[in-house]
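The values are calculated or read from the model by the stated rules, or taken from the named source; none is laboratory data. Just so it is clear, the structure is predicted and the values come from calculations on it, not from any experiment. Glycine gets a Cβ as well: all are built from the backbone with ideal geometry, and neighbour counts include every protein chain shown. Note: areas computed on protein heavy atoms with side chains; ligands, DNA, RNA excluded. Shrake-Rupley method; radii C 1.70, N 1.55, O 1.52, S 1.80 Å.
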Amino acid sequence: MKESGRTHPAVLVAIWVLLLLAPYWLGLVGGYTALGARVLVLGLAAMSLNFLLGFTGVLSFGHAAWFGLGAYGTGLALKWVAASTPLALLLGTLLGGALGAVLGAMLVRRRGIYFAMVTIAYGQVFYYIAYRWNALTGGDDGLRGFSRQPLEIGPWHIDIAANGVAFYYFVLACFAAAVALMALLLRSPFGHSLLAIRENERRARFLGIPVEFHIWIAFALSCVFISFAGGLYALLNNFADPNNLHYSLSGDLVIMAVLGGMRRFWGPLLGAAVFVVLQDYVSSLTTNWMSFIGLLFVAVVLFFPRGLLGIARRRSLA
Amino acid sequence: MIQLLLFNVTNGLIIGAFYVLMALGLSLILNLSGVINFAHGGFLVLGGYLAYTLTPFLGYWGALIVAPLLTAVLGVVIEQVLIRRLYGRDPLYSLLMTFGLAFIFEDATRYVWGAQGLPVTIPAFLGRPVSPSLFFITYYRLFMVVVAAVAVTLLFLLLRYSRVGVRIRAGTLDLETVSTLGVNVGGLRALNFALGIFLAGLSGVLAGGQLGLDPTMGSGLLMPSFIAIIVGGVGSLPGTLVGGLLIGIASGVTAVFFPSASEAVMYVLMALVLLARPRGLMGEEGLMT
């Protein structure tokens, strides 16, 4: 099953070695550790979206909503509930995941363009709530006044609050756990049913797969994963703002998935790395970075519709 | 209180008329070509700015006609060069393409005309209030509603009675059959795209006279237009008309009682419609769902 995106073991080892050693080599190539953490978080977000987009074939264009809900949930929990990083992350993930599951139930019969439009519109609801509800969310200025707390695991005290490298490894551990779970889900009979729905929905239905129910579960899972990523993003910045919920972030996440290759498991991570690094670099060079990002969208659609890994694969088959 | 309510209802109606103009353009393109044009707001802004530049040469009335036409011409060029390639492919790609174009539009208008807001100068008599007791209704506000109404009426007459209009409507239902009957589908789509973009440019000129112009105004008007289409029902132009007016008035009335919820009410309306009638108020089951 090449299509399910099973990765060659050597490539897998290379990916993990690169990620594990990132704090040591990023500085050598002009990067910094926080940039690495940003790639991991947005990469996880793009992979969560791709669980739906690439592996179920459902076009959600409003996933920033669940990402931002995770971010706000985590920030609010740290601020008002308890000064515990894991608890805040859990509450943020639950907030985004639960709302995603409820609203997703209303969407499962829609397909294609209609699904995309409704998901965009739903996403904007939360943007306006965050933007307008000053008292709770800080409105346009964003949510401040919380910061990630050191981890206390039994006798160990890990200072992820002040130490950037320690925080990177915390993010990497969370990323690894989420990605492993995602891979397990995709390899399970449930994951294969999702692929069947993507490839031929009608046939999947005739085979007795409850299509709507599967899409709903996939949507909810994808929301849980991306809220988790959003929570990590709030911890990374010690800040959450309405742009975390805006549909332009949804578009960025989709382009990351497509740029890397949405039929491959690791594609979105590659796409996120390229996108984040380019954005960081270009916005330091020119104020017209929006045009640059726009041109990137157009170029990807025209020249790399199968993504960077899609090209590599076509070459290796030829 | 009555006056405040009246003010906000008329305000809502005027905003609704904008949503309708913009959403009808989006809807036309969506129905025939299956493309959600994210760059629609960009075309709207461009129309407004072109009017700003043309007014000193052509006067307001000349600019009101010429600016949307120029916008439509640019629209066709972009359709022919970029968007046409994506017809019939996964809607994901046209979404991403127009999404990127929206970024480029916003940045380009900022580059050419600057980030500060600019006014579109309107003829002096249009700026006057209708009467002292109705001081909040200027002639310009009435004028906007009239222009929008005329444009919508002409559009519906065109679609109902002209040969091209009949083909566009037929193409919405079954493009393949229309094609086998010998209609040049490529040309039809280009023309239809131009029509949609013309409406965007026209709403840009009208909006510029009331709100002034700034490069980000397009994205702010885009989302209500989406909601107008969803509420009215994807695939139905009369639905879009009703949807746009409905959310305009709903947000106008909400602004009286609960100003900070004036955007949220549109989404509530959308959620209610989707729950009670998933295809939208006037949408047909099975079309593009």
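The string of couplings for the range B:255-267 from the Karplus curve (6.51, -1.76, 1.60, θ = phi - 60°) is 4, 5, 8, 8, x, 6, 9, 5, 7, 4, 4, 4, 6 Hz, one whole number per residue in order, with x for Gly and Pro. For the range A:84-95, backbone phi angles converted through the Karplus equation (6.51, -1.76, 1.60; θ = phi - 60°) give residue-by-residue couplings of 10, 4, x, 5, 4, 4, 5, 5, x, 4, 5, 4 Hz, Gly and Pro being listed as x. Shielding by partners for peptide A:253-266, expressed as the average number of C-beta atoms from other protein chains within 10 Å of each residue's C-beta, is 1.
Express the relative contact order of chain B as a whole percentage, based on alpha carbon pairs under 8 Å and six or more residues apart in sequence.
So the answer I get is 35 percent.
Can you tell me how much longer the chain between A:L285 and A:V13 gets when fully stretched, taken as 0.36 nm per residue apart minus their C-alpha distance, in nm with one decimal? Using 0.36 nm per residue and subtracting the Cα-Cα distance, I get 94.5 nm.
Computed from Cα atoms, the angle from the helix B:163-173 axis to the main principal axis of chain B rounds to 70 degrees. Basic side chains Lys and Arg get +1 at the Cβ, acidic Asp and Glu get -1 at the Cβ, and with that the dipole of the protein assembly as shown about its Cα centre reaches some 1320 debye. Compare the Cα positions of A:V118, A:S84, A:A34 along the charge dipole of the range A:2-317 (+1 at Cβ of Lys, Arg; -1 at Cβ of Asp, Glu; about the Cα centre) and return the one farthest towards the positive end. Sorting the options by dipole projection puts first A:V118. Semi-axes of the equivalent ellipsoid of the range B:2-276 are 30, 22, 18 Å, computed as sqrt(5λ) over the eigenvalues of the C-alpha gyration tensor in descending order. Other residues within the sphere of radius under 15 Å centred on the Cβ of A:Q279, judged by their own Cβ, net out at -2 (K and R +1, D and E -1).
When a/c is below 1.5 the answer is rounded, else prolate if a/b is larger than b/c, else oblate, so apply that to the range A:2-317 with a ≥ b ≥ c taken from the square roots of the Cα gyration tensor eigenvalues.
Rounded, since a/c falls under 1.5.
Ordered from highest to lowest accessible area with the whole protein assembly present and a 1.4 Å probe, A:Y114, A:Y32 read as A:Y32, A:Y114.
Taking 7 Å steps out from each Cα toward its Cβ at B:R128 and A:K79 produces label points 5.2 nm apart.
Centroid-to-centroid, using Cα positions, the range A:41-83 and the range A:86-107 are 9 Å apart. For the pair A:F190 and A:N134, a Förster radius of 45 Å applied to the C-beta separation gives a FRET efficiency near 0.60, rounded to the nearest 0.05. Counting Cβ atoms of other protein chains within 10 Å of each residue's Cβ and taking the mean over peptide B:88-97 gives 6.
For the residues A:E212, A:E199, a 1.4 Å probe over the protein chains yields an accessible-area ranking, largest first, of A:E199, A:E212. Put a plus charge on the Cβ of each Lys and Arg, a minus charge on the Cβ of each Asp and Glu, and nothing anywhere else: the dipole of the range A:2-317 about its Cα centre is then about 1140 debye.
Return the FRET efficiency for the residue pair B:R85, B:T177: r is the Cβ-Cβ distance, R0 is 25 Å, and the value is rounded to the nearest 0.05. Taking R0 as 25 Å, the efficiency between B:R85 and B:T177 is 0.60.
Per-residue mean of foreign Cβ neighbours for A:295-304 is 5 (Cβ atoms of other chains, 10 Å radius). Calculated mean residue ellipticity at 222 nm for chain B: -25500 deg cm²/dmol, from DSSP H runs with n ≥ 4 weighted as -39500 (n - 2.57), summed, divided by the residue count and rounded to 500. Note on A:V29/A:I311: beta-carbon distance plugged into 1/(1 + (r/R0)^6) with R0 of 35 Å gives a FRET efficiency of 0.95.
Under a model in which nothing but the beta-carbon of Lys, Arg (+1) and Asp, Glu (-1) is charged, the range A:191-293 shows a dipole of about 460 debye around its Cα centre.
Of the residues A:W266, B:W61, B:W113, A:W216, ranked by 1.4 Å probe accessible area with the largest first, the sequence reads B:W61, A:W216, B:W113, A:W266.
The H on the amide N of A:V58, modeled in the peptide plane, is under 5 Å from the matching H of A:L53, each at least 5 residues off or on a different chain. Peptides B:245-253, B:83-91, A:226-234 ranked from most to least packed give A:226-234, B:245-253, B:83-91, packing being the mean of other C-beta atoms within 10 angstrom over each peptide's residues.
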